[in-house]
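Read through the structure below, which is laid out as structure tokens, and then see the notes.
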Amino acid sequence: MKETYSPAILASYATFKELYNEGKYRSPYQILAEFIKYIVLTENTYSFSLVKMKQDLKRVFGFELPTAVIKTAVKGIDGMTREAATSDYVVNNKQLIENVEFVSLRKETEVENLELSKLLLDYAHEYHSDQYIQEDVLVQDFIAYLIDENSNTKNHDIISEFILKNSDDVRIQESIESIRQGAVLYIGLNYNISETGSLGKDLILYLDTEILFDLAGYNGGVYQSIAEDFIDLVRDANEGEHKIKLRYFAEVKSEIEKFFDMAKDIVVGRQIPNNKPAMKSIVNGCREETDVIEKCADFFLKLRTQYSIVEDPIESYYVSSYDSYNLEGIRNDTFPQDEETSEALTYVSHINKLRKGVRYREYTESGYIFVTETSKVLDVSKNMITLLSAEDEMDSIHACGFAQNMSGISNILWYKLNKGFGRKDFPQSLDAVLKAKVVLAKHISQNVSKAYQELKKQYEEGSISKEIMAARMLALREKSEKPEDISIDNVENELDFSPEFYKAYETAIEQNKALLQDKDDLIKKITEKAEFDNKQAEQKIEILEIAAKENKKIQQQLEQQLSTQQIEMHNQKEMIQELQKKEEEQERRKNIRKNWCKLILKVVIRIILIALISGGTYWLCRKMKLDYGTVISIVIGIVGLIPLAITTIKNDYRKLIKELE
């Protein structure tokens, strides 16, 4: 059942925040004491029970608080004493001093928030006149939007539009900021967080797929920034000792791996592109399946090394020791038999098994929480707590659920780590404009997804043409699905999914249909011409290849013939050289014989000449009857010719030997 809020709660949270700003209160209990004193003094109360004060706080201020919290706050008020017999508190009005500043703040915030609600209603009637606006429902949704991080109402888009459109209105933004920050400060009272500064018990947070994708930056810069703030809080909590561990269930890992498998199919063309921001981020820059596989490995490596996020070590949640804590078998009108509910029950049941069925009032004491942005899981968690609390006769309002969204758990950690009182740095997620962009981005993404499914169905049924489907898909691709892409200027267009929105794209398609046909005809002619040219080119190439093969064959034959001829020429050359050598040898020998003959002939002639000269001289001497002295002189002269003859013969011999060499 939908929770109903008192309109007074907005002014109460704003008053709470303004008192906090004064800096003179050291705990939320001291501020709550001011609210209690206000009731006592304005209603002239002389005695009250804790139950009665609990009712009065809800009636006047809209506060839903545990009695233990009220008891702690009353203890700090002078002029109130507890009667032992009845346990009621008796009021001494003389000791109570009216806080004029509180009364003034209360009136101011009431006026501001009435005006804020009126501005919202005026906006809804002006810009959504085509819708039936239930004012009381819209105001209730507005309250839930501002104070409950897990709320998900049908008017979220109108409220987000209103906040975004008035993002430059300082007065409106300050009023909203006071309410949201006051709601966070109220957390400590609502969950009775008595001790702050650190976690007293270990806490394991199981993160859902989208939050892991946010950390990787797959869903855009805004989501990543919010996720990083959450991680910073976890690191602050773990200073000195590791109190918080971050994990993910095996089911989450399986979902992530399926997502990357889908990305692989998109990259290689087995599946049409997915318009989700995370899918776009993954497939961007990938050309092959191996690129996606590498990104998947890098993703899990980053979770482990940069954020210390690891897979749950528990192998199975379906062993006998967990049977008594299993919640998956619960089925009724609240938990129907459908895939989405079954998946949500799986995560809720896992957390219940880890907690061993124990219900807790404070999230940081529960030991295990599933952190998710999936509204179905958050709804199932809330409804399950209501069901189980009724069975246990426990106050479900103050019982912590099995799941929290990232903003909710960040706010709880922020408060628990004592970053509220004495600090001014509220969590980034409290920024109303930022939340408006996040809500609108989710709304647009959901509508885009639904529109794609509807388009696919209409095309398969034949109710729309291929051109119409293409036009509408083009229109959907232009939608901004990241918070950072949504602004005051484009918000109306981004939220428009009406037939008129599609019509502009369809008209453009129709107007350009003839041009597109001409372009197709031209492309066809060019293609045919290209195919003809390609065919001719292929034939030419084939002829050239045949000619090349023939040329190669002829070249090989010529090379073979040339090689044979070269061998023959070489052999012939060797034979000629052999013959030349033989002829030269014969010629040499012939010359030797010839030269020897010449030498012998010369020697013989010289001997004969010497002999003739000697004989002639002897005869002449005898004829002339010369004396012996003269004869001897002549003989000596002739003998002197012998050395000359010998020298001549030697020279001829040397010349002969030189010629032979």
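A compact table of results
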{"read-out": "Test: residue in region 249-269 that is in a helix (DSSP H, G or I), β-branched (Val, Ile, Thr), loosely packed, with under 13 Cβ neighbours inside 10 Å and under 16 Å from the mean Cα position of the chain (by Cα)", "value": "no"}
{"read-out": "Number of positions in region 301-314 that are surrounded by fewer than 18 Cβ atoms within 10 Å (Cβ to Cβ) and not in a loop (DSSP other than H, G, I, E, B)", "value": "7"}
{"read-out": "Residue count for region 106-133, restricted to those that are part of a loop (DSSP other than H, G, I, E, B) and surrounded by 13 or more Cβ atoms within 10 Å (Cβ to Cβ)", "value": "2"}
{"read-out": "Test: residue in region 187-205 that is within 39 Å of the chain's Cα centre (by Cα), at pLDDT 85 or above and in a helix (DSSP H, G or I)", "value": "no"}
{"read-out": "Residue check for residue 52: in a loop (DSSP other than H, G, I, E, B), free of Cβ contacts under 8 Å to residues at least 24 places away in the same chain and surrounded by fewer than 18 Cβ atoms within 10 Å (Cβ to Cβ)", "value": "no"}
{"read-out": "Lone qualifier among 179, 133, 158, 147 - being modelled with pLDDT under 90 and touching a His at 6+ places or on another chain (Cβ under 9 Å)", "value": "133"}
{"read-out": "Filtered residue count, region 1-21, keeping only those that are in contact (Cβ under 8 Å) with a residue 60 or more places away in the chain, of a type outside the set (Gly, Ala, Ser) and in a helix (DSSP H, G or I)", "value": "9"}
{"read-out": "In region 455-488, the residues that are among the charged types (D, E, K, R) and either at pLDDT below 85 or more than 29 Å from the chain's Cα centre (by Cα) (or both)", "value": "456, 457, 460, 461, 466, 467, 472, 477, 478, 479, 481"}
{"read-out": "Residue in region 320-337 that is closer than 30 Å to residue 452 by Cα and buried (at least 18 other Cβ atoms within 10 Å of the Cβ) present", "value": "yes"}
{"read-out": "Failed item in (1) outside the structural domain of residue 244 (by TED's automatic domain parsing); (2) in contact with a helix residue (DSSP H, G or I) (Cβ under 7 Å, 6 or more places away or on another chain); (3) surrounded by fewer than 22 Cβ atoms within 10 Å (Cβ to Cβ), with residue 201 passing the rest", "value": "(1)"}
{"read-out": "Residues within region 226-275 that are among the charged types (D, E, K, R) and touching a Cys at 6+ places or on another chain (Cβ under 8 Å), tallied", "value": "1"}
{"read-out": "Contacts under 6 angstrom Cβ, first residue in region 238-251 being without any contact (Cβ under 8 Å) to a residue 24 or more places away in the chain, partner surrounded by 14 or more Cβ atoms within 10 Å (Cβ to Cβ) and acidic (Asp, Glu), 6 or more apart", "value": "none"}
{"read-out": "Residue 467 farther than 30 Å from residue 176 by Cα, of a type in the set (Asp, Glu) and without any contact (Cβ under 8 Å) to a residue 24 or more places away in the chain", "value": "no"}
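Matching residues to (1) of a type outside the set (Phe, Trp, Tyr); (2) over 29 Å from residue 316 (Cβ atoms):
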site: 158; (1), (2): yes, yes
site: 163; (1), (2): yes, yes
site: 180; (1), (2): yes, yes
site: 205; (1), (2): yes, no
site: 213; (1), (2): no, no
site: 216; (1), (2): yes, no
site: 235; (1), (2): yes, yes
site: 242; (1), (2): yes, no
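The values are calculated or read from the model by the stated rules, or taken from the named source; none is laboratory data. A quick note: this is a predicted structure, and the numbers were derived from the prediction, not measured. Every residue, glycine as well, gets a Cβ built from its backbone with ideal geometry; the counts of neighbours run over all protein chains shown.
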